[in-house]
């Protein structure tokens, strides 16, 4: 059995087993949030970890996916579930159009351009009050899946868990496909990749579109789970959180993105005991992780284990 | 029984035993748990911070005085930083994990609307501290709110304009959330109040000069008064420009600018004669001795300012009102059961709070009328209460 299947199996086992230890519905809610946030982070990992392109506007796509769930039923009369693929397609299309010009930029310039895109999305959501409901947010109708209405944390735990499994499976497959190896090559050196015949622009754009689709699906699921969405979902701080998740978990690692997301969702819940100091403690912990596990948690621990056993 | 349920039950039983032991040893009355999800940090912290301080202060005071129904209160506060998604998670935590009997919180309309279904599903009373009228209109069985709404501010302003014998109004509003929400409500209630809006202008929240818009308003024919729904620095710039252009029509600001900084920013000379609806807390000392709210707002102001050494704000007052309405309802119901508590909150009559006199009913989950707003005028750089 190869490492890809082992990763999937471990993740599936974790999803299947931990509900046995949940004392209340609140834990289902938090875990469901971990899975759906992780799905968004895995998308960003494809772009940042595999293709090596930074994005500070990932939450913009999450917001597009989330608002599609509210605006589709309201203005087009569509069933809310049909808006999930619609939102993903829209985010992919926007990423395709926006990605062409801005992916020509590199490094800090690309960071600033994606940052601008994310802020633009958030601004539109805030200021187009007549359409989006403005800063007070907008309601999302409860979805119906063949007559079943998922309600409460437990239902969404399983839906989001399944979505994450599929997302991780696809991302791992991509990583080990010719496309994934092309991404890895251009990550290391764009010049070298180009000389061996890799269409750099096309591969970068593809990674950008994939990240956007992941983000939009995560945003759509989160919006359905909450039944409500505000422009914060697309905010700059959310984008920064996604980047932090991918970096802290381990840029090169798909499961790393899941671990990073779990950490950033769970820590604020666990740190409420510090009350006034929770943000300071959160910042300190993130710094410690970065200092002692420089390559990220998952690759860092893996290499530590390997050294221990060697 | 499957292995899963067996395991789960074992864990729960062990946990219950652990929890039960100290309680039995102490024999102290079990505290009543009250939850609060507030935006203590983040962009809405100027609302959430005084709310947080007020709740802590008064829960302590109530406990020192013997608690409620012989049981102490336990306040559980979570900070959502203004984020609706996080607010929803904390709301679930309060309901599922902390098992609170009621919630006083929800700093912004957005976080309140995100949390509302959690409390409605769990049938636990939720007293929100946010302004938006959509929180209680249409009425939801378990959701209440204490602050005034934009609609009431519009109605109060329009009533005052009518009392001056005027009907034709020009409006200049901010494009931020507050300005747009209030503008919409003003347009909606204008007809019923006998007011015609003859001209409208708008400005962005960061604009530093509104002279063109004001000039257009000045040149529009038939305007008898100007209303400025807005928040933050915009209204101060409007007021200054209004003065510089020498417009002599009455100018009305919203309850959103009811703070000392507004007069300072607009300069006292320009603000002279500007009227606005405000809560009693703003002009506590000026309330006549027979005003039913006088004692309540003076007490709250003194307690808050002594404890925290910072000026009192109406937002903290909303939290005070919410907590006190809940505590009174718990005493009347002598119960912490969600539905009974809801019925008791709904039966609140003649409660005197900082925001006004509250009379709830099955169709009104806010319970304030226009008397909750006081019309004030700025004279010589200070607020003057107008005879209502």
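What follows draws every value from the coordinates through simple rules; no lab data is involved. Quantities reported herein were computed from a predicted structural model and do not represent experimental measurements. Cβ sites come from the backbone with ideal geometry, for glycine too, and all protein chains shown count toward neighbours.
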Fraction of antiparallel bridges per DSSP, the protein assembly as shown only, in percent to nearest 5: 35 percent
Cα gyration tensor of the range A:214-310 - equivalent ellipsoid semi-axes, whole Å, descending: 27, 18, 11
Protection proxy ranking, peptides A:119-125, A:229-235, average beta carbon neighbours within 10 Å, highest first: A:229-235, A:119-125
Degrees separating the helix B:3-26 axis from the principal Cα axis of chain B, which is the longest one: 80 degrees
Percentage relative contact order, the range B:150-278, counting C-alpha pairs under 8 Å, at least six apart: 26 percent
Rh (Kirkwood; distinct C-alpha pairs) - chain A, Å: 19.8 Å
Label-point separation, residue B:98 to residue A:285 (7 Å along Cα→Cβ), nm: 1.8 nm
Expected 222 nm ellipticity per residue - DSSP helices of 4 or more, -39500 (n - 2.57), all of chain A, to 500: -23500 deg cm²/dmol
Label zone at residue B:261 (point 7 Å along Cα-to-Cβ), backbone N below 20 Å, the range B:29-71: B:39-54
Degrees between helix B:294-308 axis and first principal axis of chain B (Cα, 0 to 90, nearest 10): 70 degrees
Per-peptide average of other Cβ atoms within 10 Å, ordering A:174-182, B:337-345, B:33-41 highest first: B:33-41, B:337-345, A:174-182
In degrees, nearest ten, helix B:177-190 long axis to first principal axis of chain B (Cα): 70 degrees
Chain B - mean residue ellipticity at 222 nm from DSSP helices (-39,500 (n - 2.57) per run, n ≥ 4, rounded to 500): -14000 deg cm²/dmol
Shielding score for A:268-277, defined as the mean number of other chain Cβ atoms within 10 Å: 3
The range A:3-234: relative contact order in percent, alpha carbon pairs under 8 Å with at least 6 residues between: 42 percent
Part-to-part distance (alpha-carbon centres) for the range A:225-270 and the range B:175-240, which is given in Å: 41 Å
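Taking the mean number of other Cβ atoms within 10 Å as a proxy for protection, how do you rank A:252-262, B:151-161 from highest to lowest?
On the way: A:252-262: 26.6, B:151-161: 23.1.
Ranking the peptides A:252-262, B:151-161 by packing returns A:252-262, B:151-161.
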Segment residue A:236-residue A:93, length gained on full extension (0.36 nm per residue, minus Cα span): 49.4 nm
Hydrodynamic radius by Kirkwood, which averages 1/r over all alpha carbon pairs of chain B, in angstrom: 22.3 Å
Taking N as its residue count, the alpha carbon Rg of the protein assembly as shown over 2.2 N^0.38 Å: 1.05
Residues of the range B:263-304 with amide N under 16 Å of the 7 Å Cα→Cβ point at residue B:208: B:266
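Using the Kirkwood radius over Cα pairs, work out the Stokes-Einstein diffusion coefficient for the range A:124-177 at 37 °C and 0.692 mPa s, in µm²/s as a whole number.
229 µm²/s
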Estimated FRET transfer efficiency (residue B:384, residue A:106; beta-carbon r; R0 60 Å; 0.05): 0.45
Spacing of the two label points (7 Å from each Cα toward its C-beta) at residue A:131 and residue A:14, in nm: 3.8 nm
Peptide A:29-35 - average C-beta neighbours from other chains (10 Å radius): 3
Average beta-carbon neighbours from other chains, 10 Å sphere, peptide B:104-114: 4
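Let's test the formula: R0 of 22 Å, r as the Cβ-Cβ distance of residue A:75 and residue B:121. What FRET efficiency results, to the nearest 0.05?
Plugging the Cβ-Cβ distance into 1/(1 + (r/R0)^6) gives 0.20.
Against the globular-protein guess of 2.2 N^0.38 Å, express the Cα radius of gyration of the range B:314-386 as a ratio, rounded to two decimals.
1.35
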